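Participant: One structure follows; several queries about it will come next.
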2 protein chains.
Amino acid sequence: MISETMKVLAGNNSAIRAMFEEGNRLAALYGRENVYDFSLGNPNIPAPETVKAAILDILETEESTFVHGYMSNAGYEDVRQAVAEYLNRCHGTDYGAGNIIMTVGAAGGLNDILKTLLNPGDEVLTFMPYFLEYGNYVANHGGVLRQVAVESGTFQPDPEALRAAVTERTQALIVNNPNNPTGAVYTRAALEAVAAVLTEKEKEYGHPIYILSDEPYRELVYDGAEVVWLPEIYHNAIVGYSWSKSLSLPGERIGYLCIPSQCDDFELVYTAATIANRILGSVNAPSLMQRAVMRCLGQTSDISAYDRNRKLLYGGLTELGFEAVYPDGAFYLWLKVPDGDDKAFCEKAKKYNILMVPGSSFAGSGYVRLAYCVSEDTIRRSLPAFAKLAADCGLAGAL
Amino acid sequence: MISETMKVLAGNNSAIRAMFEEGNRLAALYGRENVYDFSLGNPNIPAPETVKAAILDILETEESTFVHGYMSNAGYEDVRQAVAEYLNRCHGTDYGAGNIIMTVGAAGGLNDILKTLLNPGDEVLTFMPYFLEYGNYVANHGGVLRQVAVESGTFQPDPEALRAAVTERTQALIVNNPNNPTGAVYTRAALEAVAAVLTEKEKEYGHPIYILSDEPYRELVYDGAEVVWLPEIYHNAIVGYSWSKSLSLPGERIGYLCIPSQCDDFELVYTAATIANRILGSVNAPSLMQRAVMRCLGQTSDISAYDRNRKLLYGGLTELGFEAVYPDGAFYLWLKVPDGDDKAFCEKAKKYNILMVPGSSFAGSGYVRLAYCVSEDTIRRSLPAFAKLAADCGLAGAL
């Protein structure tokens, strides 16, 4: 007899497994290169050479018991100081090592801070559509995730919807910017409106409402889009970051939490989040990778490839008559389903060997998500398949 | 306003910090080499050269997007298969990749399996004294940890105490073998008696009671002591392992769970534990380290150094008149406090620049834990300080 909650999750898991197996089935039938798999957010661009060089040099020059050993549960002091100083250079802030906790990716950091903040029954808000895992993270710590609508078409936060959603039990708002799955980058104006609503509600209810800004796609922006540093415009903003996408290291589980000193109950929040990092099982972020990313601050994989993919896929699909949100960030295209039935659309797409994720899997039905962190060649060769799908949907551009 | 639970933990944290700061204060006053710090279980022996060689070769020969990328949440298929085959060679079992989940150390694995098994209010048992973090791990998932007495002197499991402790709500028993903090290695007879009690109680209550065997010290045994493979003697035993101690990689957070197919509800438990690994924030065990440990299966750091330390420290302290459990495993000496007041004894020891952890921190008052994963030189130079401490306690051997 396992946990009732986990029994439900284990049941749902079969849907994801079914998709994975469908991909393998199609690959076996038609060859892997003839299956156009846009379902996974796994970077296809290698880590920059500097990551490898950093690891090699660390193993040659630093002591084994230091590189692979325990350190503070918050991470190596010098790594945290270096991250803080990098942020200070980027954002004109004055963080120190004591504002940073190195975490097992952004997911580890989010769990740490949610465990820190939530009492049973507390509410956490997030804008729709969103990475559904947020619901599990919040539930892990006894909280309840509530969805907040966004402005239709632009997928920017809707401050009025937010105002209506905040209650006395609201402890936090998770913001994911740049956004998975829409590819939207939230504007400064939209975020300032969000900050204003939360500031007003903090006064009304007499307790802090934290923004937890989940930013693994921070560097993946195009055409010079600005990713606002939230602590600049809101006093209770905590930033979670991961090098998963920027350095193409998703499997390594390396990220950080930045908790600015200006946050309410700062000392308590920082101490408790460090303890949460310890007791949730991480103990600390992987040590060698902490030391490696310290040497690669400000560097990224060759993101221009994602930009080329973005233009190619957006251009190709809109030419066929599809509508999509023009993505300013991340590596996702959020495509409107012609007749609004996203699950049926994904099924239909499989006939043409195209795999993508229905929007319903992000609380965004009527859309599908295409992850374009694939080879440019895959996109080029997928376009004729998309043309058939468009024709099957009766789209004008396909004629 | 943070979580009430975390507020309590953050308050207690100051005691640990105080100890850490006391160490730094003494080091500043007398020099680091004149402080005899036996407080931390951080291996002082470097990782074997093969770990470094493995990492270098992986980075040269395997693709970046593969080595640093996402894989199944349970871990790379080939890594899991290799771990399973290694276990089969050691224990004559027939595990496959589908019995193994790669985890963020043993702590990550324990959290995964506890999240899998526990409904709110469920009980988990463990033998005293124990690594107090177990209480936090169990509480993370809504459970309650109950302590079970051991046989006095030997610190072996007491089957009668176990029988009395099991209730209808008991879901699991955490066994830590070899044991932190006592250094005891549980005998086959003692573990068979434990298995018999649990089998009887499973029948009485009509549901499985799992043994969660936490085995980060499995290879750290001396004089040929046997560490029983628990699934051999109990049908519902799940093993959690970490390479933290055997390969001196505690900071890297790399371990596994082995869930034998013979376990009740095997498919459900394995699937749910894999999901737990994902949603608790780990997503997967660090990828490069998964691939590195696969190449180092069966290897260890130079454990003979711990054996030398063990004999030196045990011999030196008993000669002074102290009593201690002769450790068969791990790298801890469990020393009896002459007058039984372990906190006062630790305070007194600080006068002689000796740092150790009071047994109360392991639910084992009347004893202290000395971690002998330090240099042999530290132990040699600490003995005159221990002689002064012994004299201060009025011990005969010190005269």
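Participant: Would it be correct to say that B:Ala97 is at pLDDT 95 or above, touching an Asp or Glu at 6+ places or on another chain (Cβ under 9 Å), under 19 Å from B:Gln262 (Cβ atoms) and open to solvent by less than 20 Å² (accessible area, probe 1.4 Å)?
Facilitator: On the way: at pLDDT 95 or above: yes; touching an Asp or Glu at 6+ places or on another chain (Cβ under 9 Å): yes; under 19 Å from B:Gln262 (Cβ atoms): yes; open to solvent by less than 20 Å² (accessible area, probe 1.4 Å): yes.
Yes.
Participant: Sticking with this one: Show the residue pairs that are 6+ apart or on different chains and have beta-carbon atoms under 8 Å apart, the first residue being within the range A:146-168 and closer than 23 Å to A:Glu133 by Cβ and modelled with pLDDT of 95 or more, the second being in a loop (DSSP other than H, G, I, E, B) and open to solvent by 70 Å² or more (accessible area, probe 1.4 Å).
Facilitator: Within 8 Å, the pairs are A:Pro157/A:Glu151; A:Asp158/A:Glu151.
Participant: Can you confirm whether the range B:192-206 contains a residue that is crowded, with 21+ Cβ neighbours inside 10 Å, in contact with a strand residue (DSSP E or B) (Cβ under 6 Å, 6 or more places away or on another chain) and closer than 20 Å to B:Tyr137 by Cα?
Facilitator: There is no residue in the range B:192-206 that is crowded, with 21+ Cβ neighbours inside 10 Å, in contact with a strand residue (DSSP E or B) (Cβ under 6 Å, 6 or more places away or on another chain) and closer than 20 Å to B:Tyr137 by Cα.
Participant: Could you please find all residues in the range B:105-149 being among the small types (Gly, Ala, Ser) and either buried (at least 17 other Cβ atoms within 10 Å of the Cβ) or in contact with an Asp or Glu (Cβ under 7 Å, 6 or more places away or on another chain) (or both)? Steps first, answer last, please.
Facilitator: Of all residues in the range B:105-149, those among the small types (Gly, Ala, Ser) come to B:105-109, B:121, B:135, B:139, B:142-143, B:149.
Once the filter is applied, which keeps residues that are among the small types (Gly, Ala, Ser) and either buried (at least 17 other Cβ atoms within 10 Å of the Cβ) or in contact with an Asp or Glu (Cβ under 7 Å, 6 or more places away or on another chain) (or both), the range B:105-149 yields B:Gly105, B:Ala106, B:Ala107, B:Gly108, B:Gly109, B:Gly135, B:Ala139, B:Gly142, B:Gly143, B:Ala149.
Participant: Which ones in the range B:233-249 are within 11 Å of chain A (Cβ to nearest Cβ) and either of a type in the set (A, V, I, L, M, F, W, C) or touching a strand residue (DSSP E or B) at 6+ places or on another chain (Cβ under 8 Å) (or both)?
Facilitator: B:Gly240, B:Ser242, B:Trp243, B:Ser244, B:Leu247, B:Leu249 - these are the residues of the range B:233-249 that are within 11 Å of chain A (Cβ to nearest Cβ) and either of a type in the set (A, V, I, L, M, F, W, C) or touching a strand residue (DSSP E or B) at 6+ places or on another chain (Cβ under 8 Å) (or both).
Participant: Only residues that are facing chain A (nearest Cβ under 8 Å) and either farther than 20 Å from B:Tyr76 by Cβ or small (Gly, Ala, Ser) (or both): list them for the range B:250-284, please.
Facilitator: B:Pro250, B:Gly251, B:Asp265, B:Leu268, B:Val269, B:Ala272, B:Ala276, B:Gly281, B:Ser282
Participant: Being open to solvent by 20 Å² or more (accessible area, probe 1.4 Å) and touching a residue at least 40 places away in the same chain (Cβ under 8 Å): is that true of A:Ala82 here?
Facilitator: Values: open to solvent by 20 Å² or more (accessible area, probe 1.4 Å): yes; touching a residue at least 40 places away in the same chain (Cβ under 8 Å): yes.
When the stated conditions are applied, A:Ala82 passes them.
Participant: Give the number of residues within the range A:129-184 that are under 27 Å from A:Asp328 (Cα atoms) and part of a strand (DSSP E or B).
Facilitator: Residues in the range A:129-184 being under 27 Å from A:Asp328 (Cα atoms) and part of a strand (DSSP E or B): 11 in total.
Participant: Of all residues in the range B:287-313 being in a loop (DSSP other than H, G, I, E, B) and either among the hydroxyl-bearing types (Ser, Thr, Tyr) or under 20 Å from the mean Cα position of the chain (by Cα) (or both), which is surrounded by the most Cβ atoms within 10 Å (Cβ to Cβ)? Walk me through it before giving the result.
Facilitator: Of all residues in the range B:287-313, those in a loop (DSSP other than H, G, I, E, B) come to B:295-303.
Pick out the ones that are also either among the hydroxyl-bearing types (Ser, Thr, Tyr) or under 20 Å from the mean Cα position of the chain (by Cα) (or both) and you get B:297-303.
Working: B:Leu297: 15, B:Gly298: 9, B:Gln299: 17, B:Thr300: 18, B:Ser301: 24, B:Asp302: 11, B:Ile303: 17.
Top of the filtered list is B:Ser301.
Participant: Given the conditions (1) within 24 Å of the chain's Cα centre (by Cα); (2) assigned to a helix (DSSP H, G or I), which single one is not true for B:Ile58?
Facilitator: (1)
Participant: The conditions are (1) surrounded by 17 or more Cβ atoms within 10 Å (Cβ to Cβ); (2) at pLDDT 95 or above; (3) over 23 Å from the mean Cα position of the chain (by Cα), and B:Arg381 fails exactly one of them. Which is it?
Facilitator: So the condition that B:Arg381 fails would be (1).
Participant: Taking only the range A:339-378 into account, find how many residues are within 23 Å of the chain's Cα centre (by Cα), not in a loop (DSSP other than H, G, I, E, B) and not polar (S, T, N, Q).
Facilitator: The number of residues fulfilling the criteria is 14.
Participant: Which residues, taken from the range B:218-230, are of a type outside the set (Gly, Ala, Ser), assigned to a loop (DSSP other than H, G, I, E, B) and open to solvent by 10 Å² or more (accessible area, probe 1.4 Å)?
Facilitator: So in the range B:218-230, the residues of a type outside the set (Gly, Ala, Ser) come out as B:218-223, B:226-230.
Now drop any that are not assigned to a loop (DSSP other than H, G, I, E, B), which leaves B:218-220, B:222-223, B:226-229.
Across the range B:218-230, the qualifying residues are B:Arg218, B:Glu219, B:Asp223, B:Glu226, B:Val227.
Participant: Also, I was wondering about something else. Considering only the range B:202-212, how many residues are more than 14 Å from every other protein chain (Cβ to nearest Cβ) and over 24 Å from the mean Cα position of the chain (by Cα)?
Facilitator: Taking the range B:202-212 and keeping what is more than 14 Å from every other protein chain (Cβ to nearest Cβ), we get B:203-204, B:211.
With the extra rule that they be over 24 Å from the mean Cα position of the chain (by Cα), the set shrinks to B:203-204.
Going through the range B:202-212 one residue at a time, the tally reaches 2.
Participant: May I pose another question? Condition test on B:Tyr352, is it at pLDDT 95 or above and open to solvent by 10 Å² or more (accessible area, probe 1.4 Å)? Spell out how you get there, then give the answer.
Facilitator: Numbers: at pLDDT 95 or above: yes; open to solvent by 10 Å² or more (accessible area, probe 1.4 Å): yes.
The answer is yes for B:Tyr352.
Participant: Please go through (1) closer than 26 Å to B:Asn140 by Cβ; (2) within 11 Å of chain A (Cβ to nearest Cβ) for B:Ser39 and return the number of the only condition it doesn't satisfy.
Facilitator: Just one mismatch for B:Ser39, condition (2).
For (1) out of contact with any helix residue (DSSP H, G or I) (no Cβ under 6 Å at 6 or more places or on another chain); (2) away from chain B (no Cβ under 12 Å), each residue gets a yes or a no:
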| site | (1), (2) |
| --- | --- |
| A:Glu85 | yes, yes |
| A:Ala97 | no, yes |
| A:Val104 | yes, no |
| A:Thr116 | no, no |
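Participant: Now for a different question. Out of (1) within 14 Å of another protein chain (Cβ to nearest Cβ); (2) assigned to a helix (DSSP H, G or I), what's the single condition that is false for A:Gly316?
Facilitator: Result: A:Gly316 fails condition (1) only.
Participant: If I ask for residues that are outside any loop (DSSP other than H, G, I, E, B) and of a type in the set (Phe, Trp, Tyr), which ones from the range A:231-268 would you list? Full working, then the answer.
Facilitator: Filtering the range A:231-268 down to residues outside any loop (DSSP other than H, G, I, E, B) leaves A:231-232, A:237-242, A:250-252, A:255-258, A:266-268.
Result: A:Tyr241, A:Tyr256, A:Phe266.
The values are calculated or read from the model by the stated rules, or taken from the named source; none is laboratory data. It should be emphasised that the depicted structure is a prediction, and the values quoted were computed from it without experimental measurement. Neighbour counts run over all protein chains shown; Cβ positions are idealised from the backbone, glycine included. Heads up: the accessible areas ignore ligands, DNA and RNA and are worked out on the full protein's heavy atoms, side chains in. Shrake-Rupley method; radii C 1.70, N 1.55, O 1.52, S 1.80 Å.
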